[in-house]
Amino acid sequence: MRLHRVLIRVGIIAFGVLVWSPAEGEPTHKTVPGVVVDHSPRTTGIYIGSPSLAVLPDGTYVASHDEFGPGSTEHERAKTRVFISKDRGESWQHVADVEGQFWSTLFVHRGHLYLLGTWSHYGNLVIRRSQDGGRTWTSPDDEKSGLLAKGRFHCAPVPVVEHSGRIWRAVEDTTNPRQWGRSFRARVISAPTDADLLVADNWTLSNPLPGDSSWLDGGFGGFLEGNIVIGPAGEILNILRVAYPEGGKAAVLHVARDGRTLRFDPHEDFVDFPGGAKKFTIRFDPQSRRYWSLVNWVPPRHQGLDAARVRNTLALVASPDLRHWEIRTVLLYHSDTQRHAFQYPDWLFDGDDIIAAIRTAYDDEAGGAHNAHDANYLTFHRFKCFRDLTMRDSVVPPAELGLQE
């Protein structure tokens with residue numbers, strides 16, 4: 001039986017470690033880092049994907065995730081589950097199941113809550129609006145109510161950014177849904193900030209920009225899950241995860257100001273980026289004048305493995321210019337790479353803290369996750385005073401990661 005419940009934290013979160021007291025007879029999940037928002041045992045064949053996080057104008061936190069795996073409906077009419085917290089993430093309430101929503105970003109625009117993603121695995125591009133805090137949602141029945149584009153689209157919960165009178169989001173499409181990675185083409189959608197976002201004609205979809213397997217000396221396996229980021233000079237960039245055997249690369253695409261074209265120079269626009277073989281979110285912090293991200297860095301201890309599958313380390317990184325990145329600290333870690341992971345973090349600044357929703361593979365009463373990729377938990381985390389954190393504040397000594405202290 002699928003277990004869906006709300007946990008009330010009684011304790012302290014410190015770098016993702018949770019101490020709490022369960023109700024009598026409930027599974028404890030006592031070793032799981034963070035606050036458990038949702039749990040799906042591997043025995044269901046339903047795995048937790050695509051975490052997203054938003055904060056409403058009244059301070060309510062909203063989190064979502066979709067379902068994937070053999071027990072899910074991801075290929076027909078995918079499901080996204082929505083949760084709210086009235087106490088800054090200490091407890092969560094399930095408020096909605098949204099049928100026909102996948103790989104989606106939660107965001108707030110002009111006081112309304114939106115979900116933007118696909119209908120299903122490689123499905124049409126759709127958007128929904130909620131006017132009651134995520135409890136009910138519009139239905140994308142046609143081009144006037146949220147059906148933005150028909151096709152085989154791919155995306156993830158990546159930032160929706162407002163800039164120069166428009167809102168922007170990265171997506172991809174695929175020319176061959178049976179071939180992961182190399183068939184992906186980078187695209188960007190944008191709309192005027194004052195437009196009705198449910199009307200397809202108000203959106204501009206850029207040209208598709210395909211990858212080339214000859215890039216990175218033949219090691220390029222595709223790019224995906226792009227981040228719209230406003231660069232230091234005000235330029236609009238789409239920074240994508242790169243499938244590359246050794247990992248550690250990201251692709252920086254340049255977006256025209258009208259949103260219609262993308263440009264990329266493979267000789268100049270691949271950058272070193274810790275954890276670049278997995279999904280990441282980049283945001284700019286005006287206070288520190290730095291770009292920040294939470295990434296699945298591969299520390300020296302685990303190098304030599306398939307970089308795309310090593311997701312047991314969550315690190316905080318920062319950059320002044322989007323091209324030079326520094327690992328600041330390790331926030332979450334487990335020594336096992338096969339069935340433990342802290343992946344697909346979607347996160348926001350919250351004053352001096354970072355709050356995050358994370359797709360987590362961890363131990364439970366059903367024997368743990370199916371594997372590191374097929375997560376069994378959605379967890380919430382608060383990382384306090386993030387600007388001050390250093391490697392000395394890591395959850396494990398640097399020596400355990402293979403670093404010299």
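Amide H of Arg339: which non-local residues (sequence gap of 5 or more, or other chain) have their own amide H closer than 5 Å, using H built in the peptide plane?
For Arg339, whose amide H was placed from the backbone, the distant partners under 5 Å are Ala372.
List the residues whose amide H sits under 5 Å from the amide H of Val188, counting only those 5 or more places along or on another chain, with H placed 1.01 Å from N in the peptide plane.
Excluding prolines and chain starts, which carry no amide H, the hits are Val171, Ser206.
Quick one: Karplus J couplings for segment 284-289, per residue in order, coefficients 6.51, -1.76, 1.60, θ = phi - 60°, nearest Hz, x for Gly and Pro?
9, 10, x, 5, 8, 6
In Å², what does the accessible area per residue of segment 71-142 work out to with a 1.4 Å probe? Each step should come with its number before you reach the end.
Values: 2770 Å² over 72 residues.
Using a 1.4 Å probe on heavy atoms only, each residue of segment 71-142 averages 39 Å².
Could you tell me what percent of the accessible area of segment 16-150 is made up of carbon and sulfur, with a 1.4 Å probe and every protein chain present?
Details: 2500 of 5170 Å².
Taking all protein chains in place, segment 16-150 shows 48 percent carbon and sulfur surface.
Using only the alpha carbons of segment 305-356, what is the convex hull's orientation-averaged projected area in square nanometres? Walk me through the intermediate numbers first.
Numbers: hull surface 18.5 nm².
So the mean shadow area of the Cα hull is 4.6 nm².
Where the eigenvalues come from the Cα gyration tensor of the chain, what are the semi-axes √(5λ) of the equivalent ellipsoid, largest first, in whole Å? Intermediate values should be presented prior to the final figure.
Numbers: eigenvalues 168, 136, 86 Å².
Over the Cα atoms of the chain, the semi-axes work out to 29, 26, 21 Å.
Just flag the trypsin sites (Lys or Arg not before Pro) in segment 214-264 sitting in loop per DSSP whose Cβ has no more than 14 other Cβ atoms within 10 Å. Write out the running numbers ahead of the final one.
Numbers: sites: Arg241, Lys249, Arg257, Arg260, Arg263; in loops: Arg257, Arg260.
Answer by residue number: Arg257, Arg260.
Over 10 Å intervals from 0, what percent of Cα-Cα pairs in segment 27-126 sits in each interval?
The calculated distribution, bin by bin, is 16, 44, 32, 9, 0.
Restricting the calculation to Cα positions, tell me the Rg (one decimal) and the Dmax (whole number) of segment 219-342 in Å.
Over segment 219-342's Cα set, Rg and Dmax evaluate to 14.6, 46 Å.
Considering only the other residues whose Cβ falls under 13 Å of the Cβ of Thr337, what net charge follows from Lys and Arg at +1 and Asp and Glu at -1? Before the final figure, lay out each step's value.
Values: positive: Lys278, Arg301, Arg309, Arg311, Arg339; negative: Asp306, Asp336.
That works out to +3.
Which ³J(HN,Hα) values in Hz, rounded to whole numbers, follow from the phi angles of segment 142-149 under the Karplus curve 6.51 cos²θ - 1.76 cosθ + 1.60, where θ = phi - 60° and Gly and Pro get x?
Karplus values, whole Hz, x for Gly and Pro: 7, 6, 9, 10, x, 7, 7, 7.
Could you tally the net charge around Asn207, taking each other residue with its Cβ under 12 Å from the Cβ of Asn207, Lys/Arg +1 and Asp/Glu -1?
Numbers: positive: Arg185, Arg187, Arg260, Arg263; negative: Asp173, Asp258.
Charge balance near Asn207 sits at +2.
First select every other residue whose beta carbon is under 10 angstrom from the beta carbon of Arg382; then total the charges, Lys and Arg +1, Asp and Glu -1. Mind dumping the intermediate values first?
Values: positive: Arg88, Lys384; negative: Glu90, Asp350, Asp353.
Value of the local net charge: -1.
Computed from the mean reciprocal separation of all distinct C-alpha pairs, what Kirkwood hydrodynamic radius does segment 131-283 have, in Å?
Values: mean 1/r = 0.0619 Å⁻¹.
16.2 Å is the Kirkwood radius here.
Rolling a 1.4 Å sphere over the protein heavy atoms, what is the accessible area per residue of segment 245-376, to the nearest Å²? Write down the numbers at each step before the final one.
Working: 4940 Å² over 132 residues.
Here the per-residue accessible area is 37 Å².
Need the C-alpha centroid separation for segment 99-134 versus segment 315-363, integer Å.
Between the Cα centres of segment 99-134 and segment 315-363 lies a distance of 24 Å.
The values are calculated or read from the model by the stated rules, or taken from the named source; none is laboratory data. Worth saying up front: this structure is predicted, and the values here are computed from it rather than measured. For neighbour counting, all protein chains shown are included, and Cβ atoms are generated from backbone atoms with ideal geometry for every residue, glycine included. Heavy atoms of the whole protein, side chains included, go into the accessibility calculation; ligands, DNA and RNA do not. Shrake-Rupley method; radii C 1.70, N 1.55, O 1.52, S 1.80 Å.
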